[in-house]
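What follows is one structure encoded as structure tokens, with my remarks underneath.
The values are calculated or read from the model by the stated rules, or taken from the named source; none is laboratory data. From a predicted model like this one, the values you see are computed outputs, not experimental measurements. Cβ coordinates were reconstructed from backbone atoms using ideal geometry, including for glycine residues, and neighbour counts include every protein chain displayed. Each accessible area value is taken on the protein alone, full model and side chains, heavy atoms only, with ligands, DNA and RNA left out. Shrake-Rupley method; radii C 1.70, N 1.55, O 1.52, S 1.80 Å.
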Amino acid sequence: MNLSTHFPFTLDTRWEQPDTLSIPDFHLKNWLLDTSSLTERLQSHCRQFRVQLLGQAVAPLLANEKCQMQGVPCEVREVLLCAEDQPWVFARSLLPVSLVLEGMQELAHLGEQSLGKVLFNRSDCVREPFEITRIPVGHNLLQMLQLDSRHDLWGRRSRFRYRHWHMMVAEIFLPGSPAYKQFGG
């Protein structure tokens, strides 16, 4: 299935502080607020892991993203983090164009490599606090990804600071993700 024809998918949802939403269980809350590398955590739950690049290009940002990114032009990078050939996480990253050109040129050529591998292997990248979101069953993201879900999905986003730049990484836990222990995911 060629999902890259939908790029950019966008992520039109409302982001909130973690203490303002009632997260259904401790297991899910732990996944949402874990500050370690999500890539490494997912890899520990499967034998086969891969990153499927949906697209990376300069693209318009949503209003709430523009605010978070202070209006800076950004490359949008969207990927699926897959385990055992099943998509577990949809990730949307916002990378300032000037950062890609001047600060971390390796971001321009990530392809199907994990952004997390770059960010978490640098001691000079600092993660800022999370915001979280709840995505209802009928949300257009699920339709575009050609996925069905019997339950709402949850996601998180945070900014990473590197020198004077900020990057934004949003991650939505898809129906098969181990974050949904209570649903058999």
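Of the residues making up the range 88-103, just one is outside any strand (DSSP E or B) and either under 18 Å from L38 (Cα atoms) or modelled with pLDDT under 85 (or both), namely G103. Within the range 141-154, the only residue that satisfies the criterion of being in a helix (DSSP H, G or I) and surrounded by fewer than 12 Cβ atoms within 10 Å (Cβ to Cβ) is Q143. Counting only residues that are open to solvent by 60 Å² or more (accessible area, probe 1.4 Å) and of a type in the set (A, V, I, L, M), the range 84-125 holds 1 of them.
In the set (1) under 18 Å from N64 (Cα atoms); (2) open to solvent by less than 40 Å² (accessible area, probe 1.4 Å), P178 fails one condition alone, (1). Yes or no: V137 assigned to a loop (DSSP other than H, G, I, E, B), open to solvent by 20 Å² or more (accessible area, probe 1.4 Å) and either touching a Leu at 6+ places or on another chain (Cβ under 7 Å) or more than 22 Å from A57 (Cα to Cα) (or both)? Yes, satisfied. Are any of the residues in the range 54-71 within 22 Å of H139 (Cβ to Cβ), open to solvent by less than 50 Å² (accessible area, probe 1.4 Å), part of a strand (DSSP E or B) and not acidic (D, E)? There is at least one residue in the range 54-71 that is within 22 Å of H139 (Cβ to Cβ), open to solvent by less than 50 Å² (accessible area, probe 1.4 Å), part of a strand (DSSP E or B) and not acidic (D, E). For the range 145-171, the candidate set comprises residues that are of a type outside the set (D, E, K, R) and in contact with a Ser or Thr (Cβ under 8 Å, 6 or more places away or on another chain); within that set, the residue that is farthest from Q86 (Cα to Cα) is W165.
Among the residues of the range 5-44, those that are hydroxyl-bearing (S, T, Y) and more than 16 Å from the chain's Cα centre (by Cα) comprise T5, T20, S22, S44.
None of E112, E106 is assigned to a helix (DSSP H, G or I), out of contact with any Pro (no Cβ under 8 Å at 6 or more places or on another chain) and either charged (D, E, K, R) or farther than 23 Å from V51 by Cβ (or both) except E106.
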